[in-house]
Amino acid sequence: MKGRLFVISAPSGAGKTTLLKKVMATVSGLVFSISHTTRAPRGGDVDGVDYYFTDKNKFTSMIDQGLFLEHANVHDNLYGTSSGAIESQLSQGLDVILDIDVQGAAILRQSKRVEGAHVFISPPGLKELENRLRGRGTESEEKIQLRLKNAEVEMAAAKDYEYLLVNDSLEEATNILTSIILAERARGHRHPSGEPIDMVKK
Ligand code: ADP
Ligand code: 5GP
């Protein structure tokens, strides 16, 4: 049985990481895809848990070897999802969460190599997004400004996603994201490939 893919995007500071941690603490059979990035670790980041922190040379060489399912330049750093890790997790029947930006999600939709449920997480507004980014206290003023500028472009991509979730109340947003995952698992009683499950044949 193959696992399912959940592609989740949000402007930086919308609360995606907080939300995913809460959902993953209660929903079993879900794993997080650990991306490679050239961004420097920030407070609390653990190499091999939050990201594989990689220098630019190694990242470029991985691109050249075709090791990424998708990769993109986000906020002036490179980020990418390695195909091998995802395929291994999916083949174990695990559902995989891809926390990737709007460019990466668009690449996956266009490539049609992988099917997945695409979820966009929005903050209640840009002012609240700014408050959350500042409240997190992990970025310099320059980086906050870059992330806020990019947020306006990213918000325009929300329409391309199957699901739109506004993270206003954290509790409500956690319930909605959990519901989306459970509903996707029950969808159509078929494998992600579209084939009927064995029970239908019996
Ligand atoms: P992202 O992963 O989308 O960049 P984070 O999960 O790091 O965002 O959240 C950014 C900040 O906003 C954190 O300080 C977090 O505690 C806070 N936050 C997350 N969700 C909410 C919410 N629903 N209401 C208020 N603050 C929130
Ligand atoms: P952060 O630096 O705040 O952890 O992440 C910045 C942005 O990079 C977020 O929008 C996050 O979803 C995105 N991102 C993280 N990993 C990947 C990846 O593997 N591919 C792409 N395209 N974006 C990623």
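The values are calculated or read from the model by the stated rules, or taken from the named source; none is laboratory data. Everything numeric here is computed off the predicted structure, so don't read it as measured data. Here Cβ is always computed from backbone atoms with ideal geometry, including for glycine, and neighbour counts include all displayed protein chains. For the accessible areas, the whole protein counts, side chains as well, though only heavy atoms, and no ligand, DNA or RNA atoms are used. Shrake-Rupley method; radii C 1.70, N 1.55, O 1.52, S 1.80 Å.
Return the only residue of Leu20, Leu30, Leu69 being among the aliphatic types (A, V, I, L, M) and either at positive phi or within 9 Å of ligand 2 (Cβ to nearest atom) (or both). Before you say what the answer is, go through the steps one by one.
Details: Leu20 fails: either at positive phi or within 9 Å of ligand 2 (Cβ to nearest atom) (or both); Leu30 fails: either at positive phi or within 9 Å of ligand 2 (Cβ to nearest atom) (or both).
Selected residue: Leu69, the only one of Leu20, Leu30, Leu69 that is among the aliphatic types (A, V, I, L, M) and either at positive phi or within 9 Å of ligand 2 (Cβ to nearest atom) (or both).
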For Glu141: the one exception among (1) within 15 Å of ligand 1 (Cβ to nearest atom); (2) surrounded by fewer than 11 Cβ atoms within 10 Å (Cβ to Cβ); (3) not aromatic (Phe, Trp, Tyr): (1)
Filter result (farther than 12 Å from Pro123 by Cα, open to solvent by less than 90 Å² (accessible area, probe 1.4 Å) and not hydroxyl-bearing (Ser, Thr, Tyr)) within the stretch 149-171: Asn150, Ala156, Ala157, Asp160
Cβ pairs under 8 Å, 6+ apart, first in the stretch 140-156 and closer than 17 Å to Lys16 by Cα, second open to solvent by 90 Å² or more (accessible area, probe 1.4 Å) and away from ligand 2 (no atom under 11 Å from the Cβ): Ile144/Arg134
Residue list for the stretch 18-33, filter: open to solvent by 20 Å² or more (accessible area, probe 1.4 Å) and within 10 Å of the chain's Cα centre (by Cα): Phe32
Failed condition for Thr38, given (1) within 24 Å of Glu141 (Cα to Cα); (2) within 15 Å of ligand 1 (Cβ to nearest atom): (2)
Within the stretch 1-17, considering residues that are within 10 Å of ligand 2 (Cβ to nearest atom) and not hydrophobic (A, V, I, L, M, F, W, C), the one most open to solvent (accessible area, probe 1.4 Å): Thr17
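Here's the yes/no breakdown for (1) touching a Gly at 6+ places or on another chain (Cβ under 7 Å); (2) within 12 Å of ligand 1 (Cβ to nearest atom):
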site: Leu5; (1), (2): yes, no
site: Ser12; (1), (2): no, yes
site: Lys22; (1), (2): no, yes
site: Gly29; (1), (2): no, no
site: Ser33; (1), (2): no, no
site: Gly48; (1), (2): no, no
site: Tyr52; (1), (2): no, no
Given (1) within 15 Å of ligand 2 (Cβ to nearest atom); (2) in contact with a strand residue (DSSP E or B) (Cβ under 8 Å, 6 or more places away or on another chain); (3) closer than 22 Å to Ile180 by Cβ, index of the condition Ala106 fails: (2)
Qualifying residue in the stretch 76-89 (condition: open to solvent by less than 40 Å² (accessible area, probe 1.4 Å) and within 16 Å of ligand 1 (Cβ to nearest atom)): yes
Qualifying residue in the stretch 45-62 (condition: within 10 Å of ligand 2 (Cβ to nearest atom) and loosely packed, with under 15 Cβ neighbours inside 10 Å): yes
Selection from the stretch 157-170 of residues that are acidic (Asp, Glu) and either under 21 Å from Lys22 (Cβ atoms) or outside any helix (DSSP H, G or I) (or both): Glu162, Asp168
